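Working notes, beginning with the structure itself.
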Amino acid sequence: MTAIGVTGEYFEAPLSECFGKSEYFFVYDRASGKYRFLQNPRIDEKEKSGKNAASFLVKSGVTTVMSYNVGSNAKKVFDRGKVQIVVLSDNFKTLKDVLKKMKLNLKS
Amino acid sequence: MARPVKIRKILFPRADEIVNLRENAKPGKPVLMTEDEFESIILVDYEKMMHLQASELMGVSRPTLTRIYERARMKLAEALVESRQIKITGGKVETGQEWFECISCGSVFNLPGKKIPDSCPVCSAQAKKIKLIKNDGNRSDRRIF
């Protein structure tokens, strides 16, 4: 499963600057073709939001995460869970851009 | 002979990124910031770590981290006041694991549990379009210290 950090619950939503601080995660399962938006459960906490978000996603079975930036605490959790980290380039502005490159035609 | 510079550990390779602090930044002569200096700003200012914590992560002593950070701050100020771009390049750094770059979409990724990439996770480009980012502890041919 792939998780992408986004700022909103729609396909035109801009990608979030830092993975742990994203409001929503777009989770896509390549095997079944299903997708859903998950709300970041601990976004309001000032500290350790990245670490909590990361362990939440690892528990949900995510194997690849995509974002512009991943913090040091979140990266530790991902490394332990053997999750692949993809640092996206600035050419990608919104979730739609990434999905287009991944050749996914999803309808909202 | 002087003591050689210690290798700094960083989380992600960020070579050749260009940062525009101000909208009217002149593209001419960018301020050259090394990857370890950029990392120190992320750890100290963005993740709000103590210098001691950040230095342990980067594998240098606390005073060295403070010096790296101070240099980074001065370069930031230079770029801000003189309206110049910042180019992140060089530095004696290593990432601790192998990172790959896809030439066709520009994404950078790692491969936990595998050695050789099959395809790009974003654009599914083939293996020949993917290059390994050098991780030999000296990414730059010119020293910027």
### Task
Report, by residue number, each residue of the stretch A:62-107 that is assigned to a loop (DSSP other than H, G, I, E, B), surrounded by fewer than 20 Cβ atoms within 10 Å (Cβ to Cβ), at pLDDT 85 or above and facing another protein chain (nearest Cβ under 7 Å).
A:K82
### Residue under evaluation A:M66, criteria (1) under 10 Å from the mean Cα position of the chain (by Cα); (2) under 15 Å from B:F12 (Cα atoms); (3) without any contact (Cβ under 8 Å) to a residue 24 or more places away in the chain, criterion not met
(3)
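Looking at B:E35, is it within 13 Å of chain A (Cβ to nearest Cβ) and among the acidic types (D, E)?
No; evaluated as a whole, the condition is false for this residue.
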### Task
Name the residue, out of B:L52, B:L111, B:L32, that is of a type in the set (A, V, I, L, M, F, W, C), in contact with a Ser or Thr (Cβ under 8 Å, 6 or more places away or on another chain) and either without any contact (Cβ under 8 Å) to a residue 60 or more places away in the chain or under 29 Å from B:L132 (Cα atoms) (or both).
B:L32
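Per-residue answers, yes or no, for (1) outside any strand (DSSP E or B); (2) among the hydrophobic types (A, V, I, L, M, F, W, C):
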| site | (1), (2) |
| --- | --- |
| A:F11 | yes, yes |
| A:F25 | no, yes |
| A:S32 | yes, no |
| A:P41 | yes, no |
| A:E45 | yes, no |
| A:K51 | yes, no |
| A:S55 | yes, no |
### Message
Could you check the stretch B:58-94 and list, in sequence order, the residues that are crowded, with 19+ Cβ neighbours inside 10 Å and among the β-branched types (V, I, T)?
### Response
B:V60, B:I68, B:I86, B:I88, B:T89, B:V93
### Task
Name the one entry in B:A2, B:A79, B:A72, B:A15 that is touching a strand residue (DSSP E or B) at 6+ places or on another chain (Cβ under 9 Å) and not in a helix (DSSP H, G or I).
B:A15
### Message
Test of understanding: among A:K34, A:K59, which residue is exposed (fewer than 14 other Cβ atoms within 10 Å of the Cβ), more than 20 Å from B:V108 (Cα to Cα) and modelled with pLDDT of 85 or more?
### Response
A:K59
### Message
Restricting to the stretch B:38-53, name every residue that is facing chain A (nearest Cβ under 9 Å) and not in a loop (DSSP other than H, G, I, E, B).
### Response
B:I42, B:L43, B:Y46
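The values are calculated or read from the model by the stated rules, or taken from the named source; none is laboratory data. Bear in mind the structure is a predicted one, so any value in this text is a computation, not a measurement. So basically every Cβ, Gly included, is an ideal-geometry build from the backbone, and we count neighbours across all protein chains shown.
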